[in-house]
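Notes for the one structure printed next.
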Amino acid sequence: MTYIQDKQIKTNQAFNKEDWSSAYKNVETELTNESLKITKGENIVELNGTLLRNGPGILERGGQWVHHPFDGDGMITAINFKNGKPSLTNKFVRTKGYIEETKINKFVYRGVFGTQKSGGILNNALDLKFKNIANTHVVKLGNEVLALWEAAGPHALEPSNLDTKGLTTLNGVLKANEAFSAHPKADFNSNYSSEVMVTFGVQTGPKSTIRLMEFSNAGENSGELIFDRKDTFNGFAFLHDFAITTNWAIFLQNAIDFNPLPFVMGQKGAAQCLKSNPNKKAKFFIIPRESGLFKGQPSITIDAPEGFVFHHVNAFEKDSNIILDSIFYDDFPSVGPDENFRDIDFDQYPAGNLKRSIIDLKGKKSQFETLSTQTCEFATVNPKFLGLKATHSWMACTDKKTGNAPLQAIKKINLTTKEEIYWSAAPSGFVSEPIMVPSQISNKEDDGYLFVLIWNGSRRGSDLVILDANDLKELAIYELPISIPHGLHGSWVNN
């Protein structure tokens, strides 16, 4: 398969849905330190570190498919680079539910996104237990790798071989199975003396409580909780992600209702009971960071624009404003009870667009502008610029400029001038979240490497592509020895 790099998307070739859906299959093998085959380019000697990726690895048991891939058991992939030479280790997170279901090759837990146990409604009604599937993100905190799923606690893994140690309370910081976000932020720019990891947990209900936590993530105190506060807000809060600046943590409470009755009665998954409410107003919850200049001050609530947000890109402070870039959908995207996720109609599915909110902290109001109308997701900035004004963002996007479709291209956008350049895997390649790794020998914002895991529909397998973050030129392509389904999030850890 030939990939394409240019300043403008030129292919506009229709994708083959079978090429896209062929990624959805179980991962059959676990490997340890398997050397990767390079198919184009050269090893990058400067690279010394590990690319960590998480995502669903089990999508079918005993002939029954999950209703949504987000219900699949988490599988971690670690690609370790030593002087540019990569080797791959992959392993399923041995959660309680994974072990139980693997023994009998059958789903025994309901899934948040609609997967049901066999036996119909009667066998699912009143069963409110969830399986912690540890499938959303993977990060390193202190001396442990953490597999994250936001509705429950993190699973600790052994960094050297990805063996599962078990659920962790992070040395007593968390209560048993307390919710711990799948979107922690590594902050290199805080008022604290070294790198910190900022994260949160949320307890939802008629009132929702956000626990904002900051951990040291460097030096002898790495992994230690250093700041902790709780804030309570009115209403049910569905909070998947958040953003930070040096002084603030920013949450967007989508205008959404949760009716638990269909879930309780065994008719739907919990996420299928979420529904946008056009009569409600979305809210920004803005919490002072305990490491910032406004420590101890009360939180701020401000009306937010219409739309639904899973992921934020970055935020920064400008005078008394917070500038927040996010991926907005017109409505909450959900796979209905009678739909097949492998055969969805993309034209009928809400598309994500890159938009900017200007939040006026003094005037308690916000404005809204569109940065790009092209369908996109999984946007990122140079991690060293997280919480600061960043000029560049990289994201997964469609190969075409208008309409919805699978993510097949990588776009770099100048957030000031709106100039865009592209790299495309179309027509038979499909991209995941790009991971930006800054250069170790340059401080220029867009000097570094972009790691992109590709589903290669031509050979029904996975490739790892490394792009130059500056101009999106291909530096190296590796053929992976396992086939990895369309996944979720990842991170880079320097050796």
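The values are calculated or read from the model by the stated rules, or taken from the named source; none is laboratory data. Model, not experiment: these values are computed from the prediction. Every residue, glycine among them, receives a Cβ derived from its backbone with ideal geometry; neighbour counts consider all protein chains shown.
Is region 185-198 home to any residue that is more than 20 Å from Lys295 (Cβ to Cβ) and basic (Lys, Arg)? Don't jump to the end; show me each part of the working.
So the first thing to find is which residues in region 185-198 are more than 20 Å from Lys295 (Cβ to Cβ), and the list is 186.
Now narrow it down to the ones that are basic (Lys, Arg): none.
Among the residues of region 185-198, not one is more than 20 Å from Lys295 (Cβ to Cβ) and basic (Lys, Arg), which makes the answer no.
Could you please let me know if Lys444 is part of a loop (DSSP other than H, G, I, E, B) and without any contact (Cβ under 8 Å) to a residue 60 or more places away in the chain? Considered against the rule, which asks whether it is part of a loop (DSSP other than H, G, I, E, B) and without any contact (Cβ under 8 Å) to a residue 60 or more places away in the chain, Lys444 comes out as yes.
Among the residues of region 205-217, which ones are out of contact with any Lys or Arg (no Cβ under 9 Å at 6 or more places or on another chain) and surrounded by fewer than 16 Cβ atoms within 10 Å (Cβ to Cβ)?
Within region 205-217, Gly205, Pro206, Lys207 qualify.
What are the residues in region 321-342 that are closer than 18 Å to His68 by Cα, surrounded by fewer than 19 Cβ atoms within 10 Å (Cβ to Cβ) and of a type in the set (S, T, N, Q), if any? Within region 321-342, just Asn340 meets the criteria.
If the condition is being assigned to a strand (DSSP E or B), crowded, with 16+ Cβ neighbours inside 10 Å and among the aliphatic types (A, V, I, L, M), then region 343-370 contributes Leu354, Ile359. Of the residues that make up region 173-183, is at least one part of a loop (DSSP other than H, G, I, E, B), of a type in the set (S, T, N, Q) and over 27 Å from Phe285 (Cα atoms)? The answer is no; no qualifying residue exists. Please specify each residue of region 184-213 satisfying the condition of being of a type in the set (Asp, Glu) and part of a strand (DSSP E or B). Asp187, the sole residue that qualifies.
Condition check ((1) in contact with an Asp or Glu (Cβ under 7 Å, 6 or more places away or on another chain); (2) buried (at least 22 other Cβ atoms within 10 Å of the Cβ); (3) at pLDDT below 95; (4) acidic (Asp, Glu)) across all residues:
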site: Arg61; (1), (2), (3), (4): yes, no, no, no
site: Gly74; (1), (2), (3), (4): no, yes, no, no
site: Ala78; (1), (2), (3), (4): no, yes, no, no
site: Asn90; (1), (2), (3), (4): yes, yes, no, no
site: Arg94; (1), (2), (3), (4): no, no, no, no
site: Thr102; (1), (2), (3), (4): no, no, no, no
site: Asn105; (1), (2), (3), (4): no, no, no, no
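When residues in region 408-442 are screened for being within 16 Å of Val381 (Cβ to Cβ), under 23 Å from the mean Cα position of the chain (by Cα) and among the polar types (S, T, N, Q), 2 of them pass.
Please go through region 301-316 and pick out each residue that is part of a strand (DSSP E or B) and crowded, with 18+ Cβ neighbours inside 10 Å. Step through it out loud before you land on a result.
Keep residues of region 301-316 that are part of a strand (DSSP E or B), which gives 301-303, 308-316.
Correct list: Ile302, Phe308, Val309, Phe310, His311, His312, Val313, Asn314, Ala315, Phe316.
Restricting to region 231-251, and then to whatever is assigned to a loop (DSSP other than H, G, I, E, B) and hydrophobic (A, V, I, L, M, F, W, C), can you tell me which residue is modelled with the highest pLDDT? Ranking the qualifying residues of region 231-251, first place goes to Phe242. Residues in region 382-431 that are among the hydroxyl-bearing types (Ser, Thr, Tyr), surrounded by fewer than 19 Cβ atoms within 10 Å (Cβ to Cβ) and within 11 Å of Glu445 (Cβ to Cβ): Thr391 only. For region 22-43, check the following and say yes or no: at least one residue is modelled with pLDDT of 95 or more, among the small types (Gly, Ala, Ser) and assigned to a loop (DSSP other than H, G, I, E, B). Yes, region 22-43 contains a residue that is modelled with pLDDT of 95 or more, among the small types (Gly, Ala, Ser) and assigned to a loop (DSSP other than H, G, I, E, B).
From the set of residues in region 371-397 that are of a type in the set (A, V, I, L, M) and either at pLDDT below 95 or in a loop (DSSP other than H, G, I, E, B) (or both), which is nearest to the chain's Cα centre (by Cα)? Only one residue fits best here, namely Val381. For region 44-65, the set of residues classified as closer than 21 Å to Ile477 by Cα and among the charged types (D, E, K, R) consists of Glu46, Arg53, listed by residue number.
Against the definition (in contact (Cβ under 8 Å) with a residue 12 or more places away in the chain, buried (at least 20 other Cβ atoms within 10 Å of the Cβ) and part of a loop (DSSP other than H, G, I, E, B)), how does Lys268 come out, yes or no? So that I can check it myself, show each step before the final result.
Values: in contact (Cβ under 8 Å) with a residue 12 or more places away in the chain: yes; buried (at least 20 other Cβ atoms within 10 Å of the Cβ): yes; part of a loop (DSSP other than H, G, I, E, B): yes.
Yes: the conditions hold for Lys268.
Does Lys129 satisfy the criteria of being free of Cβ contacts under 8 Å to residues at least 60 places away in the same chain, surrounded by fewer than 23 Cβ atoms within 10 Å (Cβ to Cβ) and closer than 25 Å to Val202 by Cβ? Criteria met by Lys129.
Of all residue pairs spaced 6 or more apart or on separate chains, those with beta-carbon atoms under 7 Å, a first member in region 91-105 that is under 23 Å from Thr32 (Cα atoms) and a second member that is assigned to a helix (DSSP H, G or I) and at pLDDT 95 or above are Phe92/Tyr98.
Of the residues making up region 159-172, those that are in a loop (DSSP other than H, G, I, E, B) and either touching a Cys at 6+ places or on another chain (Cβ under 8 Å) or within 27 Å of Asn495 (Cα to Cα) (or both) are Pro159, Ser160, Asn161, Leu162, Asp163, Thr168, Thr169, Leu170, Asn171.
Figure legend. Inter-residue proximity from region 133-148: first residues within 13 Å of Arg94 (Cβ to Cβ), second residues acidic (Asp, Glu), beta-carbon distance below 6 Å, spacing 6+ or different chains. Indicated pairs: Ile133/Asp73.
Inside region 450-474, residues that are part of a strand (DSSP E or B) and either farther than 15 Å from Ala425 by Cβ or at pLDDT below 95 (or both) make up a count of 1. The set of residues in region 276-299 being modelled with pLDDT of 95 or more, under 19 Å from Lys365 (Cβ atoms) and among the charged types (D, E, K, R) consists of Lys283 alone. Exactly one residue out of Phe258, Phe251, Phe242, Phe238 is of a type in the set (Phe, Trp, Tyr), in contact with a strand residue (DSSP E or B) (Cβ under 9 Å, 6 or more places away or on another chain) and surrounded by fewer than 19 Cβ atoms within 10 Å (Cβ to Cβ): that is Phe258. Residue count for region 475-484 satisfying the condition of being surrounded by fewer than 22 Cβ atoms within 10 Å (Cβ to Cβ) and either touching a His at 6+ places or on another chain (Cβ under 8 Å) or assigned to a loop (DSSP other than H, G, I, E, B) (or both): 3.
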